Amino acid sequence: MAGQANFRQLQELDRRHYLHPFSDHRQIGERGTRVITHADGVYIYDAQGNKILDGMSGLWCINLGYGRQELIDAATRQLKTLPYYNSFFQCTHPPAIELAQRLAEVAPPGFTRVFYTNSGSEANDTIIRMVRRYWDIQGKPKKKTIISRRNAYHGSTVGGISLGGMPAQQAQGDLPIPGIAHIEQPYWFELGQGMHPDEFGLRIAGELEKKIRELGVDNVAAFIGEPVQGAGGVIIPPDTYWPEIQRICDEYGILLVADEVITGFGRLGEWFGSQYFEIEPDLIIFAKAVNSGYLPLGGVLVGERVAEALVEGGGEFYHGFTHSGNPVSCAVASAAIDIMRREGLVDRVRDDIAPYFSRLWQSLADHPLVGEARSAGMVGAIELVSDKARRSRFHPDKSVGEVCRDTSVAQGLVMRHVRDSMIVAPPLVITRAQLDELVDKARSALDITARKMAA
Ligand code: PXG
């Protein structure tokens, strides 16, 4: 009972004082909050004593699971040795250097340098400045426009929302900023039905070429995309898509930026999603799983041509943050990379656990509520439909995704909904037995949701 009283008190204090990210506070007030108190392995626990399988790895980040002693030790050691120092004014420190070296080892060939930020959003803002700086140094200052995609998510700063492709977010604050253009996303289920996925992939990628011509190649700096759009609903592009995007970027000489905040560090069974899709970007954005989400850290991996320009010809790049390369965040990231290498986690995902997950997840496709089940590596989505044969959607007022999300959590599984898609991205250390549990719970959430929808 004491626990319950404490829970109510926490909820009330939360309601009074805490402005949550991406939340409707009136709704929070009406429905109350879930108070997560602790976590272990792939499970989180709430203040009411519920044990819940974390099918979203926190928020796409706790890839190594909760409670990893090595990560805790790395943070503790570093806090005692040097909790903070900056990298401005010709200073540096071992944790930032040692992580930079490790990142160069695990990154695709040619990525030997890193710029640190505290988040994916800041890394996306950094990209806007970095690609424009690159073209300035090349003597082409008119090349400013960055082409992105509808329904992309690149963070929540002014730059991040501008690069992103979510109209409701952009409407708040008169965004995007000038110099950002958007093309269609490679979302076959929503936009490509009736067309072979390969043909659809080529057609949508072709929009990049059209947009470059429309804007004039002399004005275009870069194309940016998530290898798999995460927050947009796990949009896995058809096989033809990324090679065609690469061809167009190469042909027109514009920079290719991969936002790997979700796909980096093993999520797709390669160190980076660019390797999964066999593309060679000029810049890679990372955050989240770099240190398994234990502390804030993000950054930009800089490929050869941009690094050479910035280092050799650039002079000072007026950009950076107090906590760029924070020693504790970096020390934990080095420890996380060491664990991933020692445990062969990327190979485990590719050769073992992702194929197992894919088979199980696909088995949901026969459920009457499911129009499509898709996965790549350790991300999966299912599309909820009202009519399976026609693949038609529920009326938006029915909020079927939200109903299914709430049902799933009540069943003891965190699944996230994006409109009417249900998505999961479990920790990469999840066992086969825990994946069985995940898919069993997802299925029973679907069964209950179907009954609720029929009522
Ligand atoms: N790029 C991508 C591809 C992301 O997924 C960011 C940038 C921004 O990172 P920071 O660290 O600034 O949050 C993200 C973050 C969701 C959800 O609801 C996804 C993210 C963040 C919050 C919620 O799926 N992704």
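Specify which residue in the list H196, G264, N124 is farthest towards the positive end of the charge dipole of region 70-342, using unit charges on the beta carbon of Lys, Arg (+1) and Asp, Glu (-1), about the Cα centre.
Farthest along the dipole direction, towards plus: N124.
With +1 on each Lys and Arg Cβ and -1 on each Asp and Glu Cβ, and nothing else charged, work out how big the dipole of the chain is about its Cα centre, in Debye to the nearest 20.
The calculated dipole for the chain is roughly 980 debye.
Could you tell me what percent of the DSSP beta bridges with both partners in region 70-342 are antiparallel, to the nearest 5?
Antiparallel: roughly 40 percent of the beta bridges in region 70-342.
Taking the Cα centre of region 70-342 as the origin, how large is its charge dipole in debye, to the nearest 20, when only Lys and Arg (+1) and Asp and Glu (-1) carry charge on their Cβ atoms?
In total the dipole reaches around 620 debye.
With runs of 4+ DSSP H residues as the only contributors, calculate the mean residue ellipticity of the chain at 222 nm using -39,500 (n - 2.57) per run, divided by the residue total and rounded to the nearest 500.
Taken over the chain, the calculation gives -12500 deg cm²/dmol.
Tell me which lysines have Cα within less than 16 Å of K452's Cα, excluding those fewer than 8 residues away on the same chain?
Leaving aside lysines fewer than 8 places away in the same chain, those within reach of K452 are K398.
Taking amide hydrogens as modeled 1.01 Å from N in the peptide plane, which residues meet the under 5 Å criterion relative to Y43, leaving out close sequence neighbours?
Result for Y43 returns D54, Y66.
So what is the relative contact order of the chain, in percent, for Cα pairs below 8 Å that sit 6 or more residues apart?
RCO, the chain: 19 percent.
Under a Cβ-Cβ cut-off of 12 Å, what is the net charge of the residues other than M166 that fall near it, where Lys and Arg count +1 and Asp and Glu count -1?
Net of charged neighbours comes to +3.
Identify the chymotrypsin sites (Phe, Trp or Tyr not before Pro) of region 310-416 meeting these criteria: DSSP loop state and at most 10 other C-beta atoms within 10 Å of the C-beta.
Here the sparse-neighbourhood loop sites are Y318.
Going Cα to Cα from K210, which lysines come in below 23 Å? Please leave out same-chain ones fewer than 8 positions away.
Those lysines meeting the cut-off are K140, K142, K143, K144.
With a ≥ b ≥ c taken as the square roots of the eigenvalues of the C-alpha gyration tensor of the chain, please select rounded if a/c is under 1.5 and otherwise prolate if a/b is larger than b/c or oblate if it is not?
Oblate is the answer for the chain, as a/c is 1.5 or above yet b/c matches or exceeds a/b.
Using the heavy atoms of the protein chains alone and a 1.4 angstrom probe, what is the accessible area of the chain per residue in square angstrom?
44 Å²
What's the carbon and sulfur percent of the chain's accessible surface, probe 1.4 angstrom, rounded to a whole number?
Of the solvent-accessible surface of the chain, carbon and sulfur hold 52 percent.
Select from P426, A410, P327 the residue farthest towards the positive end of the dipole of region 325-455; place +1 on Cβ of Lys and Arg, -1 on Cβ of Asp and Glu, and compute about the Cα centre.
Final value for the positive-end residue is A410.
If exposed means no more than 13 neighbouring beta carbons inside 10 Å and the site is in a DSSP loop, what's the longest run of the chain without any exposed GluC sites (Glu not before Pro)?
1-277
What are the ³J(HN,Hα) values, in whole Hz, obtained from phi via the Karplus relation 6.51 cos²θ - 1.76 cosθ + 1.60 with θ = phi - 60°, for each residue of region 135-143 in sequence order, with x given for Gly and Pro?
Going residue by residue, I get 5, 4, 5, 6, x, 10, x, 6, 6 Hz, with x marking Gly and Pro.
The values are calculated or read from the model by the stated rules, or taken from the named source; none is laboratory data. All values derive from a computational prediction rather than experimental measurement. Here Cβ is always computed from backbone atoms with ideal geometry, including for glycine, and neighbour counts include all displayed protein chains. For the accessible areas, the whole protein counts, side chains as well, though only heavy atoms, and no ligand, DNA or RNA atoms are used. Shrake-Rupley method; radii C 1.70, N 1.55, O 1.52, S 1.80 Å.
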